[in-house]
Amino acid sequence: MKRIAIFASGTGSNFDAIIQAVDEGKLDCEIELLVCDRSNAPVIEKAQAKNIDTFIFRAKNYSDKAAYEQEILNICREKEIEWIFLAGYMRLIGPTLLKPFESRIVNIHPSLLPAFPGKDAIGQAFDKQVKITGVTIHFVDNGMDTGPIIEQEAVRIEAADTKATLQKKIQAIEHRLYPSVIHSLLVEEEVK
Ligand code: GAR
C-alpha cells in the first residue's frame, strides 16, 4: 500500500475527506504523517484522533526554508513516504523537498488556475464577479499554485451566492475530487 503524507496549515476539512475516503475503502493508502506549520491548527486534533503521526513546526525557529524542509525530508524518508499531498498548506515548497519528490507533490486550490492563485482564492473570484470558478488539483513546482494541472472542476457563481455559499459549494467539490484524484494517481502508478 502506498504511504502518503499530508501537509496542512488550517482547518483540515480536506484532510478529513481523505481520511474518510480511506475508511470507506474508496482510497487505498496509508496516511503516515501530517506535517503542519501552525501549532494551533484544528487539523492537528483531527490527525491525533486518528492516531496519525504529526510533525508540527514553526518556520521562525529555523534559519531558513531549507533547514525545516530538511527535517521534514528526514522524517519522510524514515517513514518511507512516497507521495505528499498538500491540503491547505500555505507555504511554498522549496528544492529541498521538490527534488527528491519530483512529480510526487500535489496541491489542491480553490479556483480554476491559473486564475486567482494565492490566498483567499474564493474571495478573489467572488469580488471579481466572475461567473465561473472552481477547483484545481495540480503537481507542485517552485511557484505559488503553479505546476502541471491534473484535474479541474468548475462551479457557477449564481446571483444569489454569497462568499459563504460559494465556499460551501467549492468545499463540496474539493472533498469529493481530491480523494478520487489521489486514488487515480496511486492506482496509475501501481499499474506502471
Ligand atoms: C482549501 O480550500 C484548499 O483548496 C486551500 O485551502 C483550503 C484548506 O481548507 N488551499 C489553497 O488555497 C492553496 N493555495 P481545509 O483546511 O478545510 O482543507
Next item on the list: Could you tell me whether Thr136 is in contact with a Lys or Arg (Cβ under 8 Å, 6 or more places away or on another chain) and open to solvent by less than 70 Å² (accessible area, probe 1.4 Å)?
Entry: no
Notebook entry, point to check: Just wondering, is there one or more residues in region 64-80 that are open to solvent by 10 Å² or more (accessible area, probe 1.4 Å) and either touching a Lys or Arg at 6+ places or on another chain (Cβ under 7 Å) or farther than 24 Å from Leu33 by Cβ (or both)?
Noted result: yes
Notebook entry, point to check: Given the residues Arg91, Arg104, which is the only one that is open to solvent by 50 Å² or more (accessible area, probe 1.4 Å) and within 11 Å of the ligand (Cβ to nearest atom)?
Noted result: Arg91
Check: Is region 88-98 home to any residue that is outside any loop (DSSP other than H, G, I, E, B) and closer than 16 Å to Ile6 by Cα?
Finding: yes
Next item on the list: Give the residue that is most open to solvent (accessible area, probe 1.4 Å), with candidates limited to residues of region 159-192 that are within 18 Å of Ala121 (Cβ to Cβ) and not in a helix (DSSP H, G or I).
Entry: Thr162
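The values are calculated or read from the model by the stated rules, or taken from the named source; none is laboratory data. Here the structure is a predicted model, which means the values were calculated and not measured. All Cβ positions, glycine included, derive from the backbone under ideal geometry; neighbour counts span all protein chains shown. For accessibility, only protein heavy atoms count, side chains too; no ligands or nucleic acids. Shrake-Rupley method; radii C 1.70, N 1.55, O 1.52, S 1.80 Å.
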